[in-house]
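What follows draws every value from the coordinates through simple rules; no lab data is involved. All figures in this text were calculated on a predicted structure; none of them were measured in a lab. Glycine gets a Cβ as well: all are built from the backbone with ideal geometry, and neighbour counts include every protein chain shown.
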Amino acid sequence: MTLRRSAATVLAASAVLCAAAAPVAVAAPTPKPPVVPSGLYGAKDPTYDGVWRQSLALLAQDTVGVKPAAKAVNWLAGQQCDSGGFASFRADAAEPCTAKTMMDSNATAAAVQALSALGGQDAVVKKGVGWLTSAQNQDGGWGYNPGGPSDSNSTSVVIGALAAAGEKPGEVKSQKGKSPYDALVTFAIPCDAKKGGGAFAYQPDKAGKLAPNDDATAAGVLGALGQGAAAKGKKDGAKAECAEAAGKPTPAQAAANGAAYLTGVLAKTGHLDTPPMPGAENPKAQPDFGNTADAVVALAAQGGADQAKKPLEWLKKNSAAWAKENGPAAYAQLVFAANATGTDPRNFGGTDLVKELNANGPAPQETKAGEEKKDSADGDGGFAGWWIVAVFFIASVGVGILFSGRKKKNAQL
């Protein structure tokens, strides 16, 4: 999932680097981050990941039986443009989308997955699917933005959205008759490759060569299986082995090959790594918690929970500080890892993922035990106010009756 939002993140990082390199005399003032809406999960600047993190948070809540706050759902649905697509974040959803609104396949697909699971948003989901199909490339896949070359991550997250919405991804074809699976298997690296056999590449390079990419592989395995972020693990899975195929592999074989590659990479440390950014103070690769969580889901979906045991245990021991720092999307990814492996998300290495996720946004309407919650009284559609107690006190003759009450308010970040 890291790379599925990386295009926007890279744009943001590039802007920062360019500003840092510019002469002080001509450097533009740093724009003030938008105010985080009360219905949105997380407290950080949502410009580049607002819809993404909201979608993951709501989908994760749904997987554990928590009914999200109505205003959180309404905020997400309200981010949709009239065309059906979603941008990463729109500060003022009342303003219509224009040709300059940067809608993308990742935000749209994530929103479709979440709103499909929650129910009651059929019109929004239908429009979202319509936009996604209109943005399909002729090779059957999707790029991050419409018109961009297909990549394995975007194609995979869209497959998950189509499946969640009740579509058959293999039957969603381009004008040239290509399906998402046709595109996805083109990113699969042959088992006999000198490097990365079985893995998925993000995209081919300019020379058409494929380089293994851990994040693309985790995404590609799920996509090839026709699964989304909230995939459940197989009950009786076999050990994944990379098997050669005459020509392009079938989606099922590509998924098995990808799982075999991930198992090999994870064998030594139990986690995936992220390479250092150019100019980073620490030039060494660092553990990649998010992609490791994605790999757990992919391995469990392809071969069962036992196949994901080592990275799952590593996450239990090491992910708490990372999740706390990164907020709702991080907690959601860990919830998905727990969900796929049959692990209790309320005791994930000693952390209650559900409680921590819920604390990152408006209080849910219902807890697992069915206890009623309510949203803040801010005037939006998520308000479910009610009076807890009214106290009548007669002070003296002529003073009358003193009525007091208080509304229970949600703590929000």
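How high is the relative contact order of region 61-106, in percent, with contacts defined as C-alpha pairs under 8 Å that are six or more residues apart?
29
Suppose a student asked you for the relative contact order of region 231-334, using Cα pairs under 8 Å spaced at least 6 residues apart; what percent would you report?
Relative contact order comes out at 32 percent.
Normalised by the residues of region 221-289, what does the relative contact order come to in percent, with Cα pairs under 8 Å and at least six apart?
Reported as a whole number, the value is 25 percent.
In whole Hz and in residue order, list the ³J(HN,Hα) couplings for region 240-255 that follow from phi through the Karplus curve 6.51 cos²θ - 1.76 cosθ + 1.60, θ = phi - 60°; x for Gly and Pro.
Result, ordered by residue: 6, 10, 7, 10, 5, 9, 6, x, 6, x, 5, x, 5, 6, 4, 5 Hz.
Would you grab the residues whose amide H sits under 5 Å from the one on Gln286? Only those 5+ places off in sequence or on another chain, please, with H modelled 1.01 Å from N.
Thr274
What's the ranking of 177-183, 156-162 by average number of surrounding C-beta atoms within 10 Å, highest first?
So the peptides 177-183, 156-162, ranked by packing, come out 156-162, 177-183.
Counting only Cα atoms, I'd like the Rg/Rh figure for region 213-356, Kirkwood definition for Rh.
0.98
Mind pulling up the Rg/Rh value for region 261-336? Radius of gyration and Kirkwood radius, both on Cα.
Rounded to two decimals, Rg/Rh equals 0.99.
Assuming 0.36 nm per residue, please report the length gained on full extension of the stretch Lys317 to Lys176 beyond their Cα-Cα distance.
The span from Lys317 to Lys176 would gain 45.9 nm if fully extended.
Provide the packing ranking of 296-303, 124-131, 257-264, i.e. peptides ordered by the mean count of other C-beta atoms within 10 Å per residue, highest first.
296-303, 257-264, 124-131
Rg to Rh ratio, region 70-137, alpha-carbon atoms and Kirkwood radius?
0.93
Any of Lys44/Lys100; Lys248/Lys317; Lys32/Lys100; Lys67/Lys100 with alpha carbons more than 27 Å apart? Name them for me.
Violating the 27 Å limit, Cα to Cα: Lys248/Lys317; Lys67/Lys100.
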